[in-house]
Amino acid sequence: MVSRSGFGGISHLAQRFVKALQPNGPMVEDEAALCQMLSTQELVLYRRLNRTDRAHAVANMVSMSVSLDALKYEAGDEVWNEASVEPALGQADLVVAAAMHDVGKSAANLSTVGRVLATIVIALTGRRRAAGWARSGRIGLYADHPRLGAEMLQAAGAHAVVVAWASEHHQPRERSLFAAPIRAALDQADQA
């Protein structure tokens, strides 16, 4: 769930903070499966993520795979709303989108404490204002990670759905390019 500040709710943020303090990285087998799904250029971006973000990406991949299986997803126009960029996509594209949506965070290069501080600043000032600081500091880069990630993924030749989810994952559902069931699955995966 996306809060008014554009980040997840307090519970989601608290869970992510606790996970960031744990020494564990992603499950080796699941990470290997994700790496096989990524193009060479996407893999370069994935490797730039810190341990915690890689673990989050892998958890998102697993969650999205389960959600799509539960939806008995069939590729087609119903996946996209009328504002869609591209109507045809496959399950693998959605799984990669779920995994890679936070890749723009690597541009900020913030520690766990830095991310907590950035999240507080963004919550107090709003994502747009904080993102406007992108040229002058890492908090701005962190706030602007959806746009930065979308640009990075587009430059890497990622599928349009991967770029779209990176760009819009902090936007309200009513502004989504994705049909409601797919958007709900992507949002649920982000809670992993």
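Against the definition (among the hydroxyl-bearing types (Ser, Thr, Tyr) and modelled with pLDDT of 85 or more), how does THR40 come out, yes or no? Here the answer is yes, as THR40 does meet what is asked. Selection over segment 86-116 of residues that are in contact with a His (Cβ under 8 Å, 6 or more places away or on another chain), modelled with pLDDT of 90 or more and not in a helix (DSSP H, G or I) gives a count of 3.
Do any helices (runs of 4 or more DSSP H) entirely within segment 117-192 hold 3 or more residues that are of a type in the set (A, V, I, L, M, F, W, C) and closer than 20 Å to THR52 by Cβ, and if so, which? Spell out the reasoning first.
Numbers: elements: 127-131, 138-143, 145-155, 160-168, 180-190.
Output list reads 138-143, 145-155.
Please pick out the residue among ALA83, ALA134 that is surrounded by fewer than 20 Cβ atoms within 10 Å (Cβ to Cβ), at pLDDT below 60 and closer than 26 Å to ARG47 by Cα. Don't jump to the end; show me each part of the working.
Working: ALA83 fails: closer than 26 Å to ARG47 by Cα.
Result of the check over ALA83, ALA134: ALA134.
In this structure, ARG54 does not qualify as surrounded by 12 or more Cβ atoms within 10 Å (Cβ to Cβ), of a type outside the set (Phe, Trp, Tyr), modelled with pLDDT under 90 and within 28 Å of ILE139 (Cα to Cα).
The values are calculated or read from the model by the stated rules, or taken from the named source; none is laboratory data. Computed from a predicted structure; not experimentally measured. Here Cβ is always computed from backbone atoms with ideal geometry, including for glycine, and neighbour counts include all displayed protein chains.
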